[in-house]
Amino acid sequence: MSGLPGARTCPGPGEASDLKSPLGAKFREPLTETRFQQLFGDVEQEPELLAEPRWSRLWRWRASACSGPGAWRLLLARLPPLRWLPHYRWRAWLLGDAVAGLTVGIVHVPQGMAFALLTSVPPVFGLYTSFFPVLIYALLGTGRHLSTGTFAVLSLMTGSAVERLVPEPLSGNLSGIEREQLDAQRVGAAAAVAFGSGALMLGMFALQLGVLATFLSEPVVKALTSGAALHVLVSQLPSLLGVPLPRQIGCFSLFKTLAAVLTALPRSSPAELTISALSLALLVPVKELNVRFRDRLPTPIPGEIAMVLLASVLCFTSSLDTRYNVQIVGLLPGGFPQPLLPSLAELPRILADSLPMALVTFAVSASLASIYADKYSYTIDSNQELLAHGVSNLVSSLFSCFPNSATLATTSLLVDAGGNTQLAGLFSCMVVLSVLLWLGPLFYYLPKAVLACINISSMRQMFFQMRELPQLWRISRVDFAVWTVTWVAVVTLSVDLGLAVGVVFSMMTVVCRTQRVQCLALGLAEGTELYRPLRESHKLLQVPGLCILSYPAPLYFGTRGQFRRVLEWHLGLGEGSKEAPKTDGPPDADAAGAREVVQLASRCRDAGIHLLLAQCNASVLGTLTQAGLLDRVTPEQLFVSVQDAAAHALERLELSGPKTCTVWV
């Protein structure tokens, strides 16, 4: 609240002002909301639109799509290539899309196999997940520079769910047939999670819930991915050291894994430890070179595929798999799996896992798409993104794919390589398709330790997000707290629980911010029609008997108490004032704010204060209309702007001189 305790920010009718009163100033005719609609709007349809429920307007919009032009507009909205492909600049963009797509496709091959191991399924299913979702998003997505496929955070979350649903037998010594059966069950569980995640996103699309992306703020998403990167690093330590350890799941899994690794260090494999060290010694410097010289390199250096080829040749020529028992990828089945509907009986069990994955998929993808859309001056449709990723996960699950989304590393790689449109995704699919059909045998002798190193090196960008913390501390302490709380929860608990803690804490900060909003008294800048807070300058005109207040916060059940106390202090409506009569209306949250406005109007009227409301948004007017309260806050009290309300108040002061209050909501 502005001002000092015990003082009033609004002068009374008998008080003098040190500054010249603007009563003699020339004002145009004040415009009420009703008069404004008569002059510039459709006054006959406005009450109907305000009173019509949202579901009814949505139903009318759906019905209009049944006409010929409506169906074509709907088709254009749901198939973005119909909009951008006719305007495609073939000579300027085709080469960039081809180079970027092939580059990303080359990275998809080793990264897809690596993330499959993180998901606890055989490597070939990572290739399937690098093909089908990319193809579907190219047809349905609105992010021109977005690269989809396997994502480390989702793979980690899916792997935890798969290990819980299909745990490995305690004996650990499985025959070849038993291992195949276990892998088949785990693939089915991962596909069921993808199916559930896609179905949830399609449900969100049907309800037009793209706005939910706003609740997953940037600090929450970055802290989530940074904390998940640490989980990925720790989970890959057994593969780096060649120590077969059961995967830890649940809360504190990171610390349990670290303890198990430290205990098993004496049993580590020297051969796999050497392979891991050499792989990281190549991958990490190449990543740095690609980042530091991105403007000079015609295309990023494909360090992953080079490392894969070198390691495969080394393992084949040295017989590391037979001489030193180095774990290798083995045979990659050619072609595609037959379409298979995931077991619907598993859906109730995996629903709790699918929901956070759907939120992470949408939050990361929408955030990345928005970043590059702002950078290259185009727009994305958040609801269409829900449709694209929902269909991508649901359809690809029929081909035994695990959950997928946009990825940080490959999206950055696609942009650096010169990608311009979704057409780059088709070139990426061509690379993965060639591996699935013809080149799969080349990866038979690939050591799994190399895939673990690829997983770790791909986390570089997520780890470096922590470098933004000092700047975040300087800009917003609240966002810094949200980042820190989310990161600590992700690291100590688990990724899905950390996400829940981060979202809840972020929403709590929003509520706290609305509770700390200051009500400002405004004054008129001499010679203008501009009203500024009185505390900003001493050269503002404050007219005796006129109090102009600004309450820049939503008025709902959570803020109505503070709103009442602040207004009572500014207007002198103490506890001894006559209590306003009870108002009728729906007992919901929005109506609570409307009833508070009506009670304020009644108390001001009893105290001899003429209350005016200025610059009310459409939601406030709609709430007053639907609650049937406009008979108590009359249209003559609703003004288009604070200037119009102040001008009307000044006219009343000249004529009758009662104390007048203008509240700008």
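The values are calculated or read from the model by the stated rules, or taken from the named source; none is laboratory data. Predicted model, so just to flag it, every value in this text is computed and none were measured. For neighbour counting, all protein chains shown are included, and Cβ atoms are generated from backbone atoms with ideal geometry for every residue, glycine included. Ligands, DNA and RNA are stripped out before the accessible areas are found, and what is left, the full protein with its side chains, is counted by its heavy atoms. Shrake-Rupley method; radii C 1.70, N 1.55, O 1.52, S 1.80 Å.
Assorted remarks:
- Counted as qualifying within the stretch 407-499 are the helices (runs of 4 or more DSSP H) with 2 or more residues that are over 30 Å from Leu140 (Cα atoms), namely 448-457, 469-475, 477-492.
- Per-region count, the stretch 141-178, residues in a helix (DSSP H, G or I) and more than 19 Å from Phe402 (Cα to Cα): 3
- Scanning the stretch 79-101 for residues that are within 29 Å of the chain's Cα centre (by Cα), open to solvent by 20 Å² or more (accessible area, probe 1.4 Å) and among the hydrophobic types (A, V, I, L, M, F, W, C) yields Leu79, Leu82, Trp84, Leu85.
- Subset tally (residues that are under 24 Å from Arg144 (Cα atoms) and open to solvent by 30 Å² or more (accessible area, probe 1.4 Å)) for the stretch 429-440: 2
- Scanning the stretch 314-324 for residues that are open to solvent by 80 Å² or more (accessible area, probe 1.4 Å) and either without any contact (Cβ under 8 Å) to a residue 60 or more places away in the chain or among the acidic types (Asp, Glu) (or both) gives Leu314, Thr317, Thr322, Arg323, Tyr324.
- Failed criterion for Glu46 (all others in (1) modelled with pLDDT of 80 or more; (2) surrounded by 11 or more Cβ atoms within 10 Å (Cβ to Cβ); (3) of a type outside the set (Gly, Ala, Ser) hold): (1)
- Pairs where the first residue, in the stretch 231-252, is without any contact (Cβ under 8 Å) to a residue 24 or more places away in the chain and surrounded by fewer than 21 Cβ atoms within 10 Å (Cβ to Cβ) and the second is assigned to a helix (DSSP H, G or I) and of a type in the set (S, T, N, Q), C-beta under 8 Å, 6+ apart: Leu245/Thr257; Gln248/Thr257
- Flag if Leu426 is open to solvent by 40 Å² or more (accessible area, probe 1.4 Å) and either free of Cβ contacts under 8 Å to residues at least 60 places away in the same chain or among the aromatic types (Phe, Trp, Tyr) (or both): no
- Test: Val511 is without any contact (Cβ under 8 Å) to a residue 40 or more places away in the chain and surrounded by fewer than 21 Cβ atoms within 10 Å (Cβ to Cβ): no
- The residue that is surrounded by the most Cβ atoms within 10 Å (Cβ to Cβ), among those in the stretch 441-474 that are at pLDDT 90 or above and over 24 Å from Leu282 (Cβ atoms), is Leu472.
- Set side by side, the residues Phe115, Phe151, Phe131 differ, and just one is among the hydrophobic types (A, V, I, L, M, F, W, C) and either open to solvent by 10 Å² or more (accessible area, probe 1.4 Å) or free of Cβ contacts under 8 Å to residues at least 40 places away in the same chain (or both), which is Phe131.
- Selection status of Pro110, surrounded by 16 or more Cβ atoms within 10 Å (Cβ to Cβ), at pLDDT 75 or above and not in a helix (DSSP H, G or I): no
- Condition broken by Leu573, with the remaining ones in (1) modelled with pLDDT of 75 or more; (2) open to solvent by less than 10 Å² (accessible area, probe 1.4 Å) satisfied: (1)
- The test for being modelled with pLDDT under 90, among the small types (Gly, Ala, Ser) and under 30 Å from Thr484 (Cα atoms) holds for Ala152.
- Qualifying residue in the stretch 286-309 (condition: more than 30 Å from Leu207 (Cα to Cα), open to solvent by 90 Å² or more (accessible area, probe 1.4 Å), of a type in the set (A, V, I, L, M) and touching a helix residue (DSSP H, G or I) at 6+ places or on another chain (Cβ under 9 Å)): no
- Top-ranked residue of the stretch 173-197 - restricted to ones that are open to solvent by 30 Å² or more (accessible area, probe 1.4 Å) and touching a residue at least 24 places away in the same chain (Cβ under 8 Å), ranked as nearest to Gln248 (Cα to Cα): Asp183
- Breaking point among (1) within 18 Å of Val491 (Cβ to Cβ); (2) touching a residue at least 40 places away in the same chain (Cβ under 8 Å), for Leu262: (2)
- Test: residue in the stretch 390-406 that is surrounded by fewer than 24 Cβ atoms within 10 Å (Cβ to Cβ) and of a type in the set (Val, Ile, Thr): yes
- Only one entry in Leu273, Leu289, Leu278, Leu344 is modelled with pLDDT of 90 or more and farther than 29 Å from Trp438 by Cβ, namely Leu273.
- Residues located in the stretch 325-341, provided they are among the hydrophobic types (A, V, I, L, M, F, W, C), surrounded by fewer than 14 Cβ atoms within 10 Å (Cβ to Cβ) and under 14 Å from Leu442 (Cβ atoms): Leu331
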